[in-house]
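**Q** Structure below; questions to follow.
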Amino acid sequence: MSHTLGQLAAKVQGVVKGDSDLLIKKLGTLKDATECELSFLANSKYQNQLASSSAGAVLVKTEALAQLVENAIVVSNPYLAFAQLSHLFVPPVQCWSGVHPSAVISPKATIADGVVVGPNVVIDDDVNIAEGCAIGAGCVIGRGVKIGKGTRLYPNVTFYHDVVVGEACIFHSSAVIGADGFGFAPKEGGWEKIDQLGSVVIGDNVEIGASTTIDRGAIENTLIGHGVKIDNQVQIAHNVVIGDNTAIAASTAIAGSTKIGSFCTVSGGVCIAGHLTLADNVHITGMSMISNSIAEAGSYSSGMGMEPTAKWRRTVARVRRIDDMAKQFLQLKQQVNKFLEKVDNK
Amino acid sequence: MSHTLGQLAAKVQGVVKGDSDLLIKKLGTLKDATECELSFLANSKYQNQLASSSAGAVLVKTEALAQLVENAIVVSNPYLAFAQLSHLFVPPVQCWSGVHPSAVISPKATIADGVVVGPNVVIDDDVNIAEGCAIGAGCVIGRGVKIGKGTRLYPNVTFYHDVVVGEACIFHSSAVIGADGFGFAPKEGGWEKIDQLGSVVIGDNVEIGASTTIDRGAIENTLIGHGVKIDNQVQIAHNVVIGDNTAIAASTAIAGSTKIGSFCTVSGGVCIAGHLTLADNVHITGMSMISNSIAEAGSYSSGMGMEPTAKWRRTVARVRRIDDMAKQFLQLKQQVNKFLEKVDNK
Amino acid sequence: MSHTLGQLAAKVQGVVKGDSDLLIKKLGTLKDATECELSFLANSKYQNQLASSSAGAVLVKTEALAQLVENAIVVSNPYLAFAQLSHLFVPPVQCWSGVHPSAVISPKATIADGVVVGPNVVIDDDVNIAEGCAIGAGCVIGRGVKIGKGTRLYPNVTFYHDVVVGEACIFHSSAVIGADGFGFAPKEGGWEKIDQLGSVVIGDNVEIGASTTIDRGAIENTLIGHGVKIDNQVQIAHNVVIGDNTAIAASTAIAGSTKIGSFCTVSGGVCIAGHLTLADNVHITGMSMISNSIAEAGSYSSGMGMEPTAKWRRTVARVRRIDDMAKQFLQLKQQVNKFLEKVDNK
């Protein structure tokens, strides 16, 4: 996995300053990189680390910055270039190739040539897996699932029946796609299950984090657009629709039938209620509670940050009585105004 | 999976208006259903969709509503009827039947005739699985587990040893039942594990969502009542007790030894502290923080909904100083009252 | 699993009062224990249960307390002693021993003698598992993983490649260690994945709960110290560092690159933002939102507890207008003060 600085520069349409033949074996941070490592400066805040860095070379934005180090690649977007180059340094993920003999594959499934199917994978009837896919050990692929080209499932992922997945997606371990939405009709003495007859349809270039769950729709499908990135432990309920290129951080939950626009970012720990609509380009900060639709692009927040517990107790006690305080305040204000009016009129 | 309108009406004690022989192949929404689909009108808010719907037939509450469409089933509770009919339209979940040869089953386990055991299932000593159960691929059933009639486990569920499950339950993928409760005694330089010697006992007609975890008790058992419905990614800690027919939405966490009554509903993203007692018929709205017991039935809430981030910053800054503001307010009020008293006394 | 009271006392350096030969078969609570069970009194709040308890014997702190029951072990820390004795009453977790024939193990892996490898386990190239380990059914261990002595993985755990784990750790089912951190560079029309080239390094005596996810680092490693205890459904993002003996309760999420000190406790449902530093001995109460670093040891909190929904609505409405109220208050105060000054000056 070694590349010369010149080769790396070519991959990102950058210009080498210094030794084009320098051999780069790893990527590293400015702070810790060694002489065979390439680092990057994406945020001018860290510019003072350039001089002291032991990195063999650095991705930088300008020639002026390049002159502060021995070897550099000048490129318009060093962070994006770093991301692109990261693909060259990924070690092999698993040793298996082809279809492992322990996999249990229905004779009615269609698996393209060259697909990697790991040990103990289970693939049910009428599944269709396109070329270039890799299915990790222990994954279970339900009846009728379709998976597009070049998609990777890490081990122990579960797809329920009839889920449809696009090309070049990544699913991390323990993700569960297509479990039943949480739908019950109240009845005398309990709940009647509403069987969930829709499915989940996922676009291209989607990444789904470890232990994330995306439920199948009640009648229609749950829909995840192209380029959507979802972190770990996220819950997507039935009939949610997520627009293209929206990114959702860990431990967020989105309730049923909510529609989220394109190019949104949702931070971690957020809860979004059901049956809402969020516009495109909405950004939600961490741990917010979203109980109303959002019609305009922009940043939205809720929640109070922490205080020392003793001070927090006083704050909470006051907030609980805020309605009372507001009423008393109004009364006082009226009293004062009335008095001042009287005085003025004298 | 086709049924005539007459057959469907008979299943729900409904009355057909229109063509009893109409063949229904699917269920659909009023908005999108086609002529071979049955839809429903459960909420009068959507009544205006009746006229424009292309649904072949609609479940409605009254004859007056039935007259607005060509074919209908009149039934006292259309939503419940829809739920009941949904069971007739479920496609086959998996192609396996009987015990798959790849399953690893202890000779000391007892599996009733006709139980479906999927590929790569692992069943330990002294497990007892009653008739009509289906165990999905990759499930691991620990030593001594008992599972009642007609219960289904979707793939990759894990039951630790000695868990007891009732009849007609559903467990979704990646659920983990019976892992150790989080119990440690502080000691010099760290923590001493308290081995968790209780188990988990689950009633009949319970549904447990994907990636939900229910811990085994420390000494006594964790108890889940009959008819309880738990959504995805819910955490139930050791020694929690949940009353019959309580429903808990996704991403909620319930801390140790808390007792929740019957017929409660807990929305998503809620956290309930440990050692509390919640009465029957308590309803908790989404993302609430419950740190005290609740003795009376009713609806309870906490948390602030979102605001545009700039406005939220001002709100938060003010709330952090509310204790100070309240003190100043009190002072001003006393000042004013004293002055007004003085004036009055003149 | 029976032990005499004398044997148990010796294990915890305690002194028997009563019958040393009494046979103890189980541990129990004061309230429910029977005559063959040992209970404990750790909290003086429950002292009144001593007299009425049917426990065969009780762990107590003083001789005075021992005199209230027939049989006792007097020990300086009854709760710790109870934890230590709990280890003696754990039933066998699984019936497998040795390496199960269904396990798929790379010939390039090194498994110490006596390691238990359950059914359907998958172990990739260059894995090294030390003596005394037990790997539960269905676990998948990625290429190059190292696992120290005496560590146990419950079923269906996934380790990605190159994860390093210390000695005497416990991983509960569906935990995922080493999945990709959530890293993307924005680009025209979407996101470029940043391949996550670091790994996860975990110390000794660590316990990781069911469905907990710990992501691999972007460049450097994610680091979990010795003696760390993490509950279920916790999300640890890339490059987080957790100090020794810190305990983190369920459903908490910690965002990328945050450093948490040693001997901290984080309650359930907490969200901690990225790139923060928390000092040693910091304690966070349940469901707090931590968006700033914490430099001093102590207890920190945020969030409002629940109120009846109708009252909560009024509170929320007032808090939303608090900025306005504060401004009006300031105005009134100035008005009053100005007037009073004028009056005083007359």
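**Q** Go through (1) within 13 Å of another protein chain (Cβ to nearest Cβ); (2) among the polar types (S, T, N, Q); (3) more than 23 Å from the chain's Cα centre (by Cα) and name the single condition C:Asn156 misses.
**A** Tallying (1) within 13 Å of another protein chain (Cβ to nearest Cβ); (2) among the polar types (S, T, N, Q); (3) more than 23 Å from the chain's Cα centre (by Cα), C:Asn156 fails exactly one: (3).
**Q** Moving to a separate point now. Can you tell me how many residues within region A:159-176 are surrounded by fewer than 24 Cβ atoms within 10 Å (Cβ to Cβ), at the interface with another protein chain (Cβ under 9 Å from one of its Cβ atoms) and of a type in the set (A, V, I, L, M)? Lay out the reasoning, then the answer.
**A** Taking region A:159-176 and keeping what is surrounded by fewer than 24 Cβ atoms within 10 Å (Cβ to Cβ), we get A:161-162, A:164, A:166-168, A:170.
Okay, now just the ones that are also at the interface with another protein chain (Cβ under 9 Å from one of its Cβ atoms), so A:161-162, A:170.
From the residues that got through so far, the ones that are of a type in the set (A, V, I, L, M) too are A:170.
Number of matching residues: 1.
Residues are listed down the side, and each one gets a yes or a no for (1) over 13 Å from the mean Cα position of the chain (by Cα); (2) part of a loop (DSSP other than H, G, I, E, B); (3) at pLDDT 95 or above; (4) acidic (Asp, Glu):
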residue	(1), (2), (3), (4)
A:Gln233	no, yes, yes, no
A:Asp244	no, yes, yes, yes
A:Ala250	no, yes, yes, no
A:Gly256	yes, yes, yes, no
A:Ser262	yes, yes, yes, no
A:Gly268	no, yes, yes, no
A:His275	yes, yes, yes, no
A:Asn292	yes, yes, yes, no
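**Q** I need a count of the residues in region C:177-222 that are assigned to a strand (DSSP E or B), of a type in the set (Asp, Glu) and within 8 Å of chain A (Cβ to nearest Cβ).
**A** The total comes to 3.
**Q** Another question about this same structure. For a quick check of your reading: which strands (runs of 3 or more DSSP E) sit entirely within region A:18-114 and have at least 2 residues that are over 30 Å from A:Asp125 (Cα atoms) and β-branched (Val, Ile, Thr)? Let's see the steps before the verdict.
**A** On the way: elements: A:37-40, A:57-60, A:72-74.
Because the criterion is at least 2 residues that are over 30 Å from A:Asp125 (Cα atoms) and β-branched (Val, Ile, Thr), the strands (runs of 3 or more DSSP E) in region A:18-114 that meet it are A:57-60, A:72-74.
**Q** Could you identify the single residue in C:Lys146, C:Lys108 that is within 9 Å of chain A (Cβ to nearest Cβ) and basic (Lys, Arg)?
**A** Numbers: C:Lys146 fails: within 9 Å of chain A (Cβ to nearest Cβ).
From the options C:Lys146, C:Lys108, the qualifying one is C:Lys108.
**Q** Any idea which of (1) assigned to a helix (DSSP H, G or I); (2) out of contact with any strand residue (DSSP E or B) (no Cβ under 6 Å at 6 or more places or on another chain) is the one C:Trp312 doesn't satisfy?
**A** (2) is the only condition that C:Trp312 fails.
**Q** Residues in region A:84-104 that are polar (S, T, N, Q), farther than 23 Å from C:Trp191 by Cβ and either surrounded by 15 or more Cβ atoms within 10 Å (Cβ to Cβ) or touching a residue at least 40 places away in the same chain (Cβ under 8 Å) (or both): how many?
**A** As a first pass, look at region A:84-104 and keep what is polar (S, T, N, Q): A:84, A:86, A:94, A:97, A:102.
Next, only the ones that are farther than 23 Å from C:Trp191 by Cβ stay: A:94, A:97, A:102.
Going one step further and asking which of them are either surrounded by 15 or more Cβ atoms within 10 Å (Cβ to Cβ) or touching a residue at least 40 places away in the same chain (Cβ under 8 Å) (or both), we end up with A:94, A:102.
Counting residues in region A:84-104 that are polar (S, T, N, Q), farther than 23 Å from C:Trp191 by Cβ and either surrounded by 15 or more Cβ atoms within 10 Å (Cβ to Cβ) or touching a residue at least 40 places away in the same chain (Cβ under 8 Å) (or both) gives 2.
**Q** Could you go through region B:162-182 and let me know if any residue there is among the acidic types (Asp, Glu), free of Cβ contacts under 8 Å to residues at least 12 places away in the same chain and over 20 Å from A:Gly181 (Cα atoms).
**A** At the first step, the residues of region B:162-182 found to be among the acidic types (Asp, Glu) are B:162, B:167, B:180.
Adding the requirement that they be free of Cβ contacts under 8 Å to residues at least 12 places away in the same chain leaves none.
No, every residue in region B:162-182 fails to be among the acidic types (Asp, Glu), free of Cβ contacts under 8 Å to residues at least 12 places away in the same chain and over 20 Å from A:Gly181 (Cα atoms).
**Q** Within region C:98-108, can one find any residue that is of a type in the set (Ser, Thr, Tyr) and within 30 Å of C:Leu50 (Cβ to Cβ)? Before you say what the answer is, go through the steps one by one.
**A** As a first pass, look at region C:98-108 and keep what is of a type in the set (Ser, Thr, Tyr): C:102, C:106.
From what is left, the residues that are within 30 Å of C:Leu50 (Cβ to Cβ) are none.
Among the residues of region C:98-108, not one is of a type in the set (Ser, Thr, Tyr) and within 30 Å of C:Leu50 (Cβ to Cβ), which makes the answer no.
**Q** Here is a follow-up. List the number of the failed condition for C:Gly298; all other conditions in (1) touching a Lys or Arg at 6+ places or on another chain (Cβ under 9 Å); (2) under 27 Å from C:Asn232 (Cβ atoms) hold.
**A** With (1) touching a Lys or Arg at 6+ places or on another chain (Cβ under 9 Å); (2) under 27 Å from C:Asn232 (Cβ atoms) applied to C:Gly298, the lone miss is (1).
**Q** Looking at region C:113-135, which of its residues are farther than 21 Å from A:Trp96 by Cβ and in contact (Cβ under 8 Å) with a residue 24 or more places away in the chain?
**A** Let us first name the residues in region C:113-135 that are farther than 21 Å from A:Trp96 by Cβ, namely C:113-116, C:130-134.
Hits for region C:113-135 are C:Ala130, C:Ala134.
**Q** Can I ask one more? Which one of these is of a type in the set (A, V, I, L, M) and at pLDDT 95 or above: C:Ala51, C:Ala109?
**A** On the way: C:Ala51 fails: at pLDDT 95 or above.
On inspection, the qualifying residue turns out to be C:Ala109.
**Q** Counting only residues that are surrounded by 15 or more Cβ atoms within 10 Å (Cβ to Cβ) and free of Cβ contacts under 8 Å to residues at least 24 places away in the same chain, which one in region B:20-30 is farthest from the chain's Cα centre (by Cα)?
**A** First, the residues of region B:20-30 that are surrounded by 15 or more Cβ atoms within 10 Å (Cβ to Cβ): B:20, B:22, B:24-30.
Still in the running and free of Cβ contacts under 8 Å to residues at least 24 places away in the same chain: B:20, B:29.
Values: B:Ser20: 36, B:Thr29: 23 Å.
Of everything passing the filter in region B:20-30, B:Ser20 is farthest from the chain's Cα centre (by Cα).
**Q** Quick one: which residue in C:Ala72, C:Ala42 is in contact with a strand residue (DSSP E or B) (Cβ under 7 Å, 6 or more places away or on another chain), touching a residue at least 40 places away in the same chain (Cβ under 8 Å) and closer than 23 Å to B:Ala185 by Cα? Walk me through how you get there before you give the answer.
**A** Numbers: C:Ala42 fails: in contact with a strand residue (DSSP E or B) (Cβ under 7 Å, 6 or more places away or on another chain).
After ruling out the rest, the residue left standing is C:Ala72.
**Q** Just name the residue that is farthest from the other protein chains (Cβ to nearest Cβ) out of those in region C:124-143 that are among the hydrophobic types (A, V, I, L, M, F, W, C) and out of contact with any Ser or Thr (no Cβ under 6 Å at 6 or more places or on another chain). I'd like the intermediate steps shown before the answer.
**A** Going residue by residue through region C:124-143, those that are among the hydrophobic types (A, V, I, L, M, F, W, C) are C:127, C:129-130, C:133-135, C:137, C:139-141.
Then drop every residue that is not out of contact with any Ser or Thr (no Cβ under 6 Å at 6 or more places or on another chain), which leaves C:127, C:129-130, C:134-135, C:137, C:139, C:141.
On the way: C:Val127: 10, C:Ile129: 16, C:Ala130: 20, C:Ala134: 13, C:Ile135: 12, C:Ala137: 4, C:Cys139: 9, C:Ile141: 9 Å.
Taking the candidates together, the pick is C:Ala130.
**Q** Within region B:317-329, can one find any residue that is among the β-branched types (Val, Ile, Thr), over 24 Å from A:Ile272 (Cα atoms) and more than 10 Å from chain A (Cβ to nearest Cβ)?
**A** Quick first cut of region B:317-329, residues among the β-branched types (Val, Ile, Thr) only: B:319, B:322.
Pick out the ones that are also over 24 Å from A:Ile272 (Cα atoms) and you get B:322.
Checking the rest, the ones that are also more than 10 Å from chain A (Cβ to nearest Cβ) come to none.
No, every residue in region B:317-329 fails to be among the β-branched types (Val, Ile, Thr), over 24 Å from A:Ile272 (Cα atoms) and more than 10 Å from chain A (Cβ to nearest Cβ).
**Q** For region A:1-31, which residues satisfy the criterion of being within 14 Å of chain C (Cβ to nearest Cβ), in contact with a Ser or Thr (Cβ under 8 Å, 6 or more places away or on another chain) and over 16 Å from A:Ala81 (Cα atoms)?
**A** Of everything in region A:1-31, those that are within 14 Å of chain C (Cβ to nearest Cβ), in contact with a Ser or Thr (Cβ under 8 Å, 6 or more places away or on another chain) and over 16 Å from A:Ala81 (Cα atoms) turn out to be A:Lys25, A:Lys31.
**Q** Right, something else. Take the residues in region B:310-346 that are among the acidic types (Asp, Glu) and under 43 Å from the mean Cα position of the chain (by Cα); name whichever of them is farthest from C:Leu332 (Cα to Cα). Steps first, please.
**A** Pass one, region B:310-346, residues among the acidic types (Asp, Glu): B:323-324, B:341, B:344.
From what is left, the residues that are under 43 Å from the mean Cα position of the chain (by Cα) are B:323-324.
On the way: B:Asp323: 18, B:Asp324: 16 Å.
The extreme case among them is B:Asp323.
**Q** Within region C:333-342, is even one residue assigned to a helix (DSSP H, G or I), among the aliphatic types (A, V, I, L, M) and modelled with pLDDT under 95?
**A** So in region C:333-342, the residues assigned to a helix (DSSP H, G or I) come out as C:333-342.
Imposing the further condition that a residue be among the aliphatic types (A, V, I, L, M) reduces the set to C:336, C:340.
Pick out the ones that are also modelled with pLDDT under 95 and you get C:336, C:340.
Yes; the residues of region C:333-342 include at least one that is assigned to a helix (DSSP H, G or I), among the aliphatic types (A, V, I, L, M) and modelled with pLDDT under 95.
**Q** Of the residues B:Ala33, B:Ala81, B:Ala64, which is out of contact with any Asp or Glu (no Cβ under 7 Å at 6 or more places or on another chain), over 22 Å from A:Gly183 (Cβ atoms) and either surrounded by 15 or more Cβ atoms within 10 Å (Cβ to Cβ) or hydrophobic (A, V, I, L, M, F, W, C) (or both)?
**A** On the way: B:Ala33 fails: over 22 Å from A:Gly183 (Cβ atoms); B:Ala81 fails: over 22 Å from A:Gly183 (Cβ atoms).
Only one candidate passes the filter, namely B:Ala64.
**Q** Turning to a different aspect of this structure: Of everything in region A:284-313 that's surrounded by fewer than 17 Cβ atoms within 10 Å (Cβ to Cβ) and closer than 20 Å to A:Gly256 by Cα, which residue is nearest to the other protein chains (Cβ to nearest Cβ)?
**A** Applying the filter and picking the extreme gives A:Asn292.
The values are calculated or read from the model by the stated rules, or taken from the named source; none is laboratory data. Not measured: the values here are computed from a predicted model. Cβ atoms come from the backbone with ideal geometry, glycine included; neighbour counts cover every protein chain shown.
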